[in-house]
C-alpha cells in the first residue's frame, strides 16, 4: 500500500453488529485518491437506483485522504458520503476539527456503515479496536452533551467524536453530523442517514501515525506550505477576521444574498469580522495543524451562552442578510442552536427565508405557521422556528425537510431557491457569473464548494492546471472560456475533497503535487492530478444519473435569473443556457442524457 494511507477500511453492519476489516485497494486509491473520491467509488459499487436514502442498504461512508493526519498544514478534514435524503442524489459533506486525523490514528482510512441498529448505539474505535456501545441514554441529547457524555464514560478526554443531535434523530433532511464541539459536516442531510441507522455517534482515538514515503522531500514541501500560508493575503484575512471578513467585500460585489435573493444592498456594518472581533469574540481556533485558525469562539451574554462556536460567513448570511437581520449576537445564537441540534445552517436559513417570502406574498397564512407571524428582520422568530424544526413540531415539521418540499406542498416549486433539492449557498451568481454553471452542475446541488469560482473571478489563479483569472466581465457575452474554466476548477476542487485539503489553503498545483508525491511515493504531475479530479467528478455524475438525474435539473432557480434593482450586481443576469452548452461540449457530456460519452468514460478509466 502506498504510504500516506493506513491501508485499512472498517466495514460495519449495524443490523447484526458485525465488524470486518478490508484492505484499501491501492489501484483504486491512486485512481480516486481518498476522501469523497474513494467514497464515491464505494457508493457507486454499493447502491442502485432503488437504494432508500433512509434505509438499511444506504452506506454511510466516513473517509480520510492520504494527507490527513500528516504534518501537511490545512489537511485535517474528513468526508462523509451517502445517498442524500434531501436530494435523492449524491450526498457529500465534509468537516474540519480533529475527527479526520484521529480517525486515521485509530487505525483506519475510513469507515463504511450499513444496516440499522434495533436500538441507539455509538461506535467506539480506539487503536484499531472497534466496539459497539449502547447509546439509549444519549438519545435526545444535543451534540455538545453527547460529546461530553462519551468522553466522560470512556475516561478519555482526547477522543474525537462525530455525532448527531435531535434533528438527526428525527431524520430531518437538513440534519448535520457535528464533531469537535461545533464543527459540522452539514450539507445534504447526512445526519438523517445516521439517525435512520440509530447511530448516535462515532468516537475515535489512537496513536497510529501515517507514514510518508520521502520524509525529507515531505518536510521541504510542508515548510513551503507553511511559508506560503504566512505570506498569503487571503490566509491572513481569514486569520484576522475569520470567514466573516468577506461581509464587506461580498456586499461590494453584490455577492451576498439578501431578503431571500431579491435585494442587492444591505448594511452589513454590524455583521463584519471586525465587529465580531470587537464585540463577542473570545478567541480563535484552528483545525488540526492549521495555522490559519479561521474558527471563532464567542460569548453571548444576552443568551447566557459562553464558549459558543462561530459564526462563520455562510451562517451570518443565511441566518442574517437573507432574512434582513443585522443582530450579530442573535444570529450567532441561532447558529449555536443549529450546532446543538445538528442542523445545516445554510439549508436552515434558506428554508426559513423562503417561508417568510411566501408569508409576505400571502401563500402561507397564520393557520399554516402555528400562529407565528413570519417577518423580515425578526431574529426571535428565527430562533423559535429552529427549535420547532429540530423537534419536528407543527410547522417546523415541513421546514425540517428543506425548501423543495415546502414549495411542493404549496405548489410553488418555481419559487424555491434550490438546485437539485439542495438550498443554494451564500454566493449570488448574478455577482459572479461562473457560479451559475457551477451551481447548475455541482454533483450535490446548490453547493459553492465544489467550485468556489468567485475566487477565480476575483483573481485567484492555478496556471499549472490551466485555471487563469476569469474577470466578471459582461454577463451577456458568450463565455466558452468561463465554462471551461469552471469545469477545470470543479475537477481541482474534487481533488481537494479527496486529498483532503481545506479550500482556504490556496496552494499552487506544484506545491500540492510535491506534498502528494512525497507522502505517497507516487510520481504524478499536476496535470495528472487534475485528471484524477476529473475522473472523480465524472464518477459522481454517473452516480447521479444512476439515481435518476436528468439534464432538466442542471438549471438555476427562477429568482436567481431575475435582475436585481440595486447593489454591486445591479441589472446583471448570467447567461446560463449559453454557458451550459459550452460546458457540456467541453465536458463531453451528452446534452440529452447528461451522461459522459463513452469516449470520455474510457479516457478516464471509468469502466467500473
Per the 1/(1 + (r/R0)^6) rule, R0 = 56 Å and r from the Cβ atoms of residue 216 and residue 15, FRET efficiency to 0.05 is 0.70
For the chain, what's the relative contact order in percent, using C-alpha pairs closer than 8 Å and at least 6 residues apart?
-> 16
Pairwise centroid distance, computed over Cα atoms, of region 1-56 with region 91-131, Å | 12
Reduced Cα scattering model of region 1-74, Debye log10 I(q)/I(0), q = 0.16, 0.18 Å⁻¹ = -0.66, -0.80
Could you check what % of the DSSP bridge pairs in region 8-205 are antiparallel, to the nearest 5?
-> 75
Using the Kirkwood radius built from alpha carbon pairs, what does the Stokes-Einstein equation give as D for region 250-411 at 4 °C and 1.567 mPa s, in µm² per second?
-> 80
Just need the relative contact order of region 250-411 here, percent rounded to a whole number, with Cα pairs under 8 Å and 6+ apart.
-> 18
Calculated [θ] (222 nm, deg cm²/dmol) that DSSP helices of n ≥ 4 give over the chain, each run adding -39,500 (n - 2.57) | -11500 deg cm²/dmol
Which whole-number percentage describes the relative contact order of region 8-205, with Cα contacts under 8 Å and a sequence gap of 6 or more?
-> 23
Difference of contour (0.36 nm per residue) and Cα-Cα distance, residue 293 to residue 598 | 105.4 nm
For region 496-593, just list the percent of Cα-Cα distances falling in each 5 Å bin from zero outward, please.
-> 2, 9, 15, 15, 13, 15, 15, 10, 4, 2, 0
Based on the inverse mean of 1/r over its pairs of different Cα atoms, what is the Kirkwood hydrodynamic radius of region 428-603, in Å?
-> 16.7
Using 7 Å Cα-to-Cβ label points, what is the residue 481/residue 565 separation (nm, one decimal)?
-> 3.6
Out of these labelled values of semi-axes √(5λ) of the Cα gyration tensor in Å, (1) 48, 32, 22; (2) 38, 29, 23; (3) 32, 29, 24, which was calculated from the coordinates shown here?
-> (3)
Could you list 398, 325 in order of exposure, starting from the residue whose Cβ has the fewest other Cβ atoms within 10 Å?
-> 398, 325
Separation of the residue 302 and residue 413 label points, Cα + 7 Å toward Cβ, nm | 4.0
Residue 577-residue 2 FRET efficiency (beta carbon distance; Förster radius 56 Å; 0.05 resolution) | 0.80
Taking the alpha-carbon centroid of each part, what is the distance from region 174-191 to region 389-411 in angstrom?
-> 19
One finds, for residue 590 and residue 49 with R0 = 25 angstrom and r their Cβ-Cβ distance, a FRET efficiency to the nearest 0.05 of 0.85
Whole-angstrom gap from region 295-342 to region 413-451, using each part's C-alpha centre | 23
Would you please put 413-421, 377-385 in order of how densely packed they are, using the mean number of other Cβ atoms within 10 angstrom per residue and starting with the highest?
-> 413-421, 377-385
In the chain the DSSP beta bridges are antiparallel at a rate, in percent to nearest 5, of 80
So how far apart, in nm, are the two label points at residue 132 and residue 148 if each is 7 Å from Cα heading toward Cβ?
-> 2.9
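Laboratory data are not the source of any read-out in this text; all were calculated from the coordinates shown. Source: prediction; values computed, not measured. Neighbour counts are summed over all protein chains in view; Cβ atoms, including those assigned to glycine, are modelled from backbone coordinates with ideal geometry.
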